[in-house]
Structures are given as structure tokens and as C-alpha cells.
Amino acid sequence: MILQQLDENQKGDDIVAINDKEQKFYIEAKGETSSKESSNRFGKEFNSSQKQVHVSQALYRAIKMKEENSSLSGIAFPETKGHLSLIEPIKQTLQEIGIEVFWVKNDGTIRVENYSKIF
């Protein structure tokens, strides 16, 4: 169940949810394009360098949320080839530190890479 879901203009924990085991979960989410209409990237897919920065920022935030809240945490990205290729080489480490990855498909459905096997 989702307790909090911020939009792109709000600051804080992007998504806070509770799983079926009543465990609180914090998720840092990144999008596929800029959400700001004034941006040159508005409506255009981010390039590979920008995606790498987003993955790095999301990982830092997820680890920080895990530490601050003594809780479960994860990262969410659009399921694109670029994002998939950035996560693939670090899957084992994500499993070791217990960071879940939520892949958002074009139709809005979500696929979870269940690295820590908490679900």
C-alpha cells in the first residue's frame, strides 16, 4: 500500500509504501525525461550520461533512506535499454545491500527486480 507518492515538483521521499509483511519501504524514483517545461530536455529521453547521473543519485538516496529509517529501500526507473544496461552490472551488489529495483513500463505497470527477496 502506498502511503506517500510525491510528484516531480515536490521534495522528500518520492514513494513510501508498506508491503504485505507490514514493512515500510522507501523508494527513490527517476523519470525518462525532464518534467520542467522550461528545460531543453522536456519531452526528450535523457542521454546516457544523464541516465548514469540519475542512477547514481537514486542509489545514494536509497542507501541514505535505508540508513536514516532503518527500513527497506529501492529505486525506480523507466524500463529503457539505457537504464537496464546501467543496473545489470551492479545487480549482485544491489542484492547484497538489499536495494530493490522497480522498473516502470510504458503502460504504467511495474516489474520488481527482487534482489533482497523481501517480497
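General observations
- Counting only alpha carbon atoms, the long axis of helix 48-69 and the longest principal axis of the chain meet at about 30°.
- Computed about its Cα centre, the charge dipole of the chain is approximately 240 debye, with only Lys, Arg, Asp and Glu carrying charge at their Cβ.
- Restricting attention to the chain, the count of lysine pairs at 8 or more positions apart or across chains with alpha carbons under 14 Å apart stands at 9.
- Taking other Cβ atoms within 10 Å as a rough exposure proxy, HIS83, HIS54 sort from fewest to most as HIS54, HIS83.
- Residue-averaged 222 nm ellipticity for the chain, from DSSP H runs of 4+ at -39500 (n - 2.57), nearest 500: -9500 deg cm²/dmol
- With a cut-off of 12 Å between beta carbons, the residues surrounding GLN5 carry a summed charge of -4, where Lys and Arg count +1 and Asp and Glu -1.
- Residues GLU96, GLU22, GLU79, sorted so that the one with the fewest Cβ neighbours within 10 Å comes first: GLU22, GLU96, GLU79
- Three-way shape label, the chain, alpha-carbon gyration tensor, a/c 1.5: prolate
- Computed extension gain for ARG111 through LYS24, at 0.36 nm per residue and net of the alpha carbon distance, reaches 29.4 nm.
- Relative contact order, percent, the stretch 2-113 [alpha-carbon distance under 8 Å, six or more residues apart]: 20
- 3J(HN,Hα) from dihedral phi, the stretch 3-13, Karplus parametrisation 6.51/-1.76/1.60, rounded to Hz, x for glycine, proline: 8, 8, 9, 7, 8, 5, 9, 9, 9, x, 6
Rule-based calculations on the coordinates, nothing more; no lab input. Just so we're clear, the structure is a prediction, and the values are computed from it rather than from any experiment. Quick reminder, even Gly has a Cβ in these numbers, built from the backbone with ideal geometry, and neighbours come from all protein chains shown.
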